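Read the structure below first, then the notes.
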């Protein structure tokens with residue numbers, strides 16, 4: 001019996017030892033698994049951080065793309081407007097210098113600037129015209145009438161802004177100046193700009209509109225039939241226009257270089 005108990009006890013001791021070893025081994029494996037898990041969690045957190053950074057970078061790139069798209073669209077618009085100005089300037093220049101100014105559409109963009117007019121006045125020694133560039137450009141913007149045409153009419157009618165009507169009445173166009181008593185009948189304006197805007201609007205409504213009282217077409221030849229008693233008025237305006245554009249750009253080659 002004692003031997004039997006000894007065997008049972010010994011067996012139990014062995015099994016207990018095995019169990020303790022297993023528990024120790026399992027604890028070791030668990031610690032290893034926990035360490036591996038910590039490493040994996042750290043790696044996962046690193047990957048998450050990298051993903052967040054990537055998302056932020058993508059968002060910034062998308063914002064940059066949208067900004068660059070807006071800039072590109074703005075540049076394309078500016079290029080289009082610049083090309084339009086250049087083409088309008090070239091068309092006005094060619095009409096006037098090729099002796100075809102009388103056939104150019106009066107309602108057209110000149111492509112000219114206030115500074116170009118002022119340079120032309122200096123080149124031509126037209127002191128009386130100094131400071132008028134702005135009002136011709138403004139009149140073109142408000143009425144659509146080519147500023148070179150307006151300036152040429154003003155120069156022809158006022159003798160380069162030296163006539164008594166122009167000086168005393170700010171009327172550079174002989175507006176209302178009937179032949180029987182030009183000075184008396186000529187309209188008075190508070191400023192040259194007011195006179196220019198009024199005459200430009202009158203020409204647009206009465207000479208260039210199909211419903212206007214004096215409408216005969218859209219070029220200088222058509223306007224001249226009723227605007228002036230001089231049968232060569234349109235040609236004279238065109239010759240003045242030639243002087244203005246040539247003085248503004250000096251030479252066609254210089255003009256081409258500037259564009």
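The figures follow:
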read-out	value
Over segment 111-244 - Rg/Rh using Cα atoms and the Kirkwood inverse-distance radius	0.93
Gained length - residue 59 relative to residue 113, 0.36 nm times residue gap less alpha-carbon distance	15.1 nm
With 10 Å bins from 0: P(r) over segment 96-188, alpha-carbon pairs, percent	17, 44, 34, 6
Gain in span if fully extended, residue 185 to residue 205, counting 0.36 nm per residue against the direct Cα distance	5.1 nm
Packing-based order for 200-209, 142-151, using average beta carbon neighbours within 10 Å, highest first	142-151, 200-209
Label-to-label distance, nm, for residues given as residue 38 and residue 130 (7 Å Cα→Cβ offset)	8.9 nm
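Quick note: the coordinates plus some simple rules give every number you see, no bench work behind them. These numbers come from a predicted model, not from an experiment. Using ideal geometry, Cβ is built from the backbone for each residue, glycine included, and neighbour counts are taken over all protein chains shown.
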